[in-house]
Structure formats: structure tokens, C-alpha cells
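Chemist: The structure that follows is given in the form of C-alpha cells.
The values are calculated or read from the model by the stated rules, or taken from the named source; none is laboratory data. Since the model is a prediction, treat every value here as computed from it, not as a measurement. Note that each Cβ is placed from the backbone with ideal geometry, even for glycine, and that neighbours are counted across all protein chains shown. The protein model used for the area step is the full one, side chains on, heavy atoms only, and it has no ligands, DNA or RNA in it. Shrake-Rupley method; radii C 1.70, N 1.55, O 1.52, S 1.80 Å.
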Amino acid sequence: MRPFTVAGMTEAKGTVAGVTEADAAAGAGVGAGPLVQLEGVNKHFGHLHVLRDVDLAVARGEVVVVIGPSGSGKSTLCRAINRLETIDSGRIVFDGQPLPAEGRSLARLRADVGMVFQSFNLFAHRTILQNVTLGPIKVRKEKPAEARERAMSLLERVGIASQADKYPAQLSGGQQQRAAIARALAMRPKAMLFDEPTSALDPEMVGEVLDVMTALAGEGMTMIVVTHEMGFARHAANRVVFMADGQLVEQAGPEEFFANPRSDRAKDFLSKILTH
Amino acid sequence: MGDFFGVLTNGNNGRVFLDGFTNTVELFVIAALCSLTLGMLLGAMRVSPVPTLRAFGAGYVNIVRNTPLTLVFAFLIFAVPKLGLNINPFPSACVALTVYTAAFVCEVVRSGINTVPTGQGEAARALGMTFGQVLGLIVLPQAVRSMVPPLMSVLIAMLKNTTIAAGFSVLEAGAIQDYMSERGEPRFGVLLWVTIGFLILILPLVAFQRYLERKWAVAR
């Protein structure tokens with residue numbers, strides 16, 4: 001599998017609405033290398049080889065959508081980036097630093113990587129507002145008043161400020177997932193990981209979550225999104241990565257990928273999901 | 001009937017009952033606080049990311065839980081003084097009860113932690129929380145609710161286990177009957193009064209359990 005080059009990415013960039021030249025330039029200024037880099041990553045679950053020699057580089061400000069059939073290792077890939085899954089071999093580098101082992105430095109790294117889960121995972125015993133402020137107060141040591149103010153503006157942005165004092169169980173799935181996005185953003189992350197963020201939602205709630213994600217992509221956030229939402233992949237991604245059987249089979253800009261998939265696996269996958 | 005109440009009122013019998021149960025309560029309160037603390041720590045060890053701590057927690061539970069309490073008492077009261085450490089029976093009894101009960105508390109804590117969906121801990125870790133924060137801020141507050149009933153059972157069992165200390169020179173409720181039979185009081189009456197004493201001690205624990213369950217049922 002050839003590692004994706006930053007040069008290759010720029011072609012795709014032009015096709016995406018909302019990502020300006022200024023974003024790209026600002027992104028390039030912080031550090032020359034990619035923000036997230038995986039090299040020869042392997043992972044087994046027992047006998048199952050879920051990640052096979054995965055190489056992937058994600059540039060600053062880039063939106064990468066990972067698609068593929070169930071069990072292809074997409075979620076594992078996503079979770080490995082902030083070490084919720086450990087890997088057996090290979091290297092993962094975030095912002096120039098190899099992922100540390102369990103401990104305080106790993107916690108620091110995780111604070112810089114926002115994560116949104118399929119099942120929201122909002123803290124059930126805390127209100128929505130507390131869910132959003134907890135990280136900034138306890139991890140970033142922000143003043144509670146400041147954290148609250150910023151949390152409210154984030155909740156405003158994702159459209160659920162009026163729900164701030166409710167408990168997660170009192171909200172709809174779509175609202176919970178938007179709260180979870182606000183919670184992740186409150187940490188001012190350098191990158192956001194989305195692990196099938198809309199798969200547990202009723203169909204009518206998928207749109208409200210994707211809208212928030214699309215807006216985020218437009219603002220230049222670095223995003224790695226595992227999803228089955230082809231519409232989102234088409235209009236928000238800079239690059240689509242297709243995974244099957246633990247391997248990165250194919251990657252290309254979204255237009256190129258959906259119009260002319262090269263591999264048989266991708267053709268087969270697309271024919272199955274796009275016929276309905 | 002006069003005999004029955006006489007058990008409490010004859011001579012200074014009331015004093016013996018009072019001293020016995022006071023010691024029982026002291027033994028219980030000290031050992032409860034210590035075993036809850038130690039059990040909580042052991043429970044945290046059993047779910048920690050450090051393999052050595054996990055192994056220590058598991059080893060402790062497996063050894064202590066499988067040892068009869070009488071044996072733990074015998075160790076502390078007969079064997080430990082042979083090492084040159086001279087401790088009074090009362091503190092030794094507190095230690096014995098703590099060491100033994102902590103193993104059960106540990107398992108209650110661990111099962112409580114297991115009732116909290118893994119996603120809660122993952123989300124907390126993904127925010128950059130340390131192990132202590134994940135456990136203290138996210139997991140344990142959600143786990144205590146399901147820990148309350150089994151924890152109360154463990155504490156009630158411990159309250160009754162304090163009577164074993166009677167066999168090791170601690171004057172507590174379990175020792176009352178020996179004193180009474182020396183004074184020729186009827187066995188039946190004495191044992192019934194001791195039983196009633198324990199029931200009275202346990203009732204507040206049950207009420208406390210109800211209170212906690214109701215209090216924590218709301219917040220979610």
C-alpha cells in the first residue's frame with residue numbers, strides 16, 4: 001500500500017467547498033509533516049487480522065472519510081489513532097510525536113484529539129452542560145466560569161443550547177450526538193475522529209449531525225470520519241479511503257472515487273450500496 | 001416473662017450488655033470504614049491499566065476470600081505476637097475484620113464498575129482524563145448505585161462477623177452469653193436479647209441503604 005502524499009491531496013482540496021487557501025496555508029505553517037501518520041500498522045483480535053500493514057497520512061485541515069464493508073477494520077483504525085485500541089506493530093505519529101504508552105503523556109495527547117462515538121457515550125450522570133465543561137475544567141484546568149461560557153457558545157453552535165441543563169437520556173439521539181461533538185470541540189482539539197457518528201441514529205436525525213460535521217469541515221478542522229454516509233463523503237471529504245479486510249484498498253478524491261473506483265472490491269461495495 | 005426481662009435488669013447485667021454492644025459497634029464502625037477504603041483501593045487496582053496492580057488485587061482477593069475468618073483472627077491474635085509485635089486484641093480484631101471484609105468489598109466495587117458501559121470510560125479517556133479521573137469522576141459515581149445493595153449485605157455480614165472476636169478475648173456482643181451463663185441466667189433469654197440487639201443495630205443500616213438507593217435513583 002503506497003502512503004498517501006500531501007502533494008496528492010492538494011488536487012482534491014480544490015473540489016471541496018469552504019476550505020480556503022488561507023486554511024491550507026495556516027495548516028502548513030504549524031508543522032511541515034502530516035498531523036496524523038500511520039506506518040505499517042498491524043492489529044490482531046485473536047486470529048482475526050483486523051489491520052494489515054496500514055499506511056495513512058492525514059494533513060492538517062484535511063477531511064478523510066473512511067468507508068468500507070462491516071468488519072473491514074475502519075473503526076479499529078479510527079480508535080487506534082488515540083490508542084483506545086493498541087496496535088501490535090507499526091507506528092502511529094500524531095503532530096510529530098509517536099503515540100506514548102499508557103500514562104500521563106497519552107492523556108495529554110488524547111486531550112488534543114476529539115473523539116465522537118457511534119453510541120454518543122455522553123456521561124449519563126452529568127447534564128449536557130457539565131458534559132461539555134468537564135474536560136476543559138478537569139483536564140485543561142480552565143476556570144469553571146470561562147469553561148461554562150465557551151460550552152454555552154459551542155452548544156449554541158450545534159443548536160442545543162436550550163437543552164444545556166437536561167441529562168443525556170432526556171435528549172434525542174441527534175441532540176445527544178451534537179452534544180458529544182460540542183464536548184469534543186470544547187477541548188480545542190487539533191483533530192477530530194468520528195467513529196460512525198450517525199449509525200445509531202434514526203434517519204430523520206442523521207441530517208442535523210451531518211450538518212454540524214460539514215460546517216466543521218468547512219472551518220478547516222482536521223477530520224477522520226468513519227461513516228456509511230456517502231453523501232457526506234461526496235460533499236465534505238477531501239479524500240475517501242476505502243478499506244476492506246483490514247487493508248486500505250484504494251484512496252482518492254471523492255469525485256474520482258465515486259465515479260471511477262479502480263479496485264474490484266470498491267466497485268463491488270459501491271454497486272451494493274448505491275443501487276438503492 | 002419476668003425471667004426474660006430479668007436478664008437485662010439483674011445485678012449489673014445491663015452494664016455487660018451495654019459494654020458488649022458498644023464494643024461491637026466500635027469494632028463495626030472502625031472495620032467498616034477501613035474495609036470500605038481498602039476494598040475500594042483493591043477494586044481500583046483490579047481495573048487499573050497496570051498489570052502488576054491487577055495481579056496484586058486478584059491475588060489478595062483469591063487468598064483472603066478463601067481463608068476462614070477464624071483463621072485470619074487466629075493469625076493476628078496468636079501468630080503475629082510471636083513475631084514480637086504486641087498488639088491488643090481489640091485493634092487486632094479490627095485489622096482481622098478489615099483484611100477479610102476488604103476482599104468482599106473489592107469484588108462488589110469491581111462488579112459495580114462492570115455495570116457501567118465501557119463507552120463511558122472510553123469517552124472519559126478520549127478527553128484526556130487520567131485513570132484516577134476516569135474512575136473518580138465518571139465510572140464510580142455511576143457504579144455506586146448498583147453497589148449499594150450488595151455492599152450493605154457485606155457490611156451486615158461483617159457486623160455479625162464481629163462476634164468471632166469474642167473467641168479472641170474481645171468483650172463484645174458475642175461474649176455476653178458466656179458472662180451471663182456464669183451468672184446462671186437462662187440461655188434462651190440471653191441469646192434472644194443478643195439477637196434483638198443485633199436486629200436493632202442492623203435496622204439503621206437497612207434504612208441507610210433505602211435512603212442511598214432513593215437518593216441516587218434520581219440523578220440520571
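Chemist: Which count do you get for residues in segment A:222-251 that are at pLDDT 95 or above and over 18 Å from A:Pro261 (Cβ atoms)?
Modeler: 5
Chemist: So, A:Gln118, is that one more than 10 Å from A:Ala186 (Cα to Cα), open to solvent by 70 Å² or more (accessible area, probe 1.4 Å), in a helix (DSSP H, G or I) and not hydrophobic (A, V, I, L, M, F, W, C) or not?
Modeler: In short, no.
Chemist: Follow-up. Is segment A:164-180 home to any residue that is on the phi > 0 side of the Ramachandran plot and either at pLDDT 95 or above or buried (at least 18 other Cβ atoms within 10 Å of the Cβ) (or both)?
Modeler: no
Chemist: Another one. Select, from B:Thr9, B:Thr52, B:Thr22, the only residue that is free of Cβ contacts under 8 Å to residues at least 40 places away in the same chain, surrounded by 12 or more Cβ atoms within 10 Å (Cβ to Cβ) and more than 15 Å from the chain's Cα centre (by Cα).
Modeler: Matching residue, one of B:Thr9, B:Thr52, B:Thr22: B:Thr22.
Chemist: Could you say whether any residue in segment A:122-141 is under 25 Å from A:Lys74 (Cβ atoms), open to solvent by less than 30 Å² (accessible area, probe 1.4 Å) and within 21 Å of the chain's Cα centre (by Cα)?
Modeler: Yes, segment A:122-141 contains at least one residue that is under 25 Å from A:Lys74 (Cβ atoms), open to solvent by less than 30 Å² (accessible area, probe 1.4 Å) and within 21 Å of the chain's Cα centre (by Cα).
Chemist: Would you mention how many residues in segment A:129-146 are under 22 Å from A:Arg178 (Cβ atoms), more than 10 Å from chain B (Cβ to nearest Cβ) and assigned to a loop (DSSP other than H, G, I, E, B)?
Modeler: So the answer is 1.
Chemist: What are the pairs with Cβ atoms under 9 angstrom where one residue, in segment B:111-132, is more than 7 Å from every other protein chain (Cβ to nearest Cβ) and the other, located anywhere, is surrounded by 14 or more Cβ atoms within 10 Å (Cβ to Cβ) and of a type in the set (D, E, K, R)? Sequence gap at least six, or different chains.
Modeler: B:Gly112/B:Arg145; B:Ile113/B:Arg46; B:Thr115/B:Arg145; B:Phe131/A:Glu102; B:Phe131/B:Arg125
Chemist: Restricting to segment A:221-235, name every residue that is of a type outside the set (A, V, I, L, M, F, W, C) and open to solvent by 20 Å² or more (accessible area, probe 1.4 Å).
Modeler: Across segment A:221-235, the qualifying residues are A:His228, A:Glu229, A:Gly231, A:Arg234, A:His235.
Chemist: Output the qualifying pairs, or none if there are none: Cβ atoms under 6 angstrom, residues six or more apart or on different chains, first residue in segment A:81-100 and within 14 Å of chain B (Cβ to nearest Cβ) and among the hydroxyl-bearing types (Ser, Thr, Tyr), second residue in a strand (DSSP E or B) and surrounded by 15 or more Cβ atoms within 10 Å (Cβ to Cβ).
Modeler: Short answer, once both residue conditions are applied: none.
Chemist: Okay, next question. So which residues in segment A:175-229 are assigned to a helix (DSSP H, G or I) and basic (Lys, Arg), if there are any at all?
Modeler: Hits for segment A:175-229 are A:Arg178, A:Arg183.
Chemist: Which of the following residues is of a type in the set (A, V, I, L, M) and either assigned by TED's automatic domain parsing to the domain that holds A:Ala184 or surrounded by fewer than 22 Cβ atoms within 10 Å (Cβ to Cβ) (or both): A:Leu109, A:Leu77?
Modeler: A:Leu109
Chemist: Within segment A:101-128, track down each residue that is more than 30 Å from A:Leu171 (Cβ to Cβ) and more than 9 Å from chain B (Cβ to nearest Cβ).
Modeler: A:Ala101, A:Ser105
Chemist: Looking only at segment B:172-201, filter to residues that are of a type in the set (S, T, N, Q) and under 24 Å from the mean Cα position of the chain (by Cα); which one of those is most open to solvent (accessible area, probe 1.4 Å)?
Modeler: B:Thr195
Quick grid of which residues meet (1) modelled with pLDDT under 95; (2) open to solvent by 70 Å² or more (accessible area, probe 1.4 Å):
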site: B:Leu76; (1), (2): yes, no
site: B:Lys82; (1), (2): yes, yes
site: B:Ile87; (1), (2): yes, yes
site: B:Thr98; (1), (2): no, no
site: B:Phe104; (1), (2): no, no
site: B:Thr130; (1), (2): yes, no
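Chemist: If A:Ile92 satisfies every condition in (1) hydrophobic (A, V, I, L, M, F, W, C); (2) crowded, with 17+ Cβ neighbours inside 10 Å; (3) part of a loop (DSSP other than H, G, I, E, B) but one, which is the exception?
Modeler: Only one criterion in (1) hydrophobic (A, V, I, L, M, F, W, C); (2) crowded, with 17+ Cβ neighbours inside 10 Å; (3) part of a loop (DSSP other than H, G, I, E, B) is unmet by A:Ile92, namely (3).
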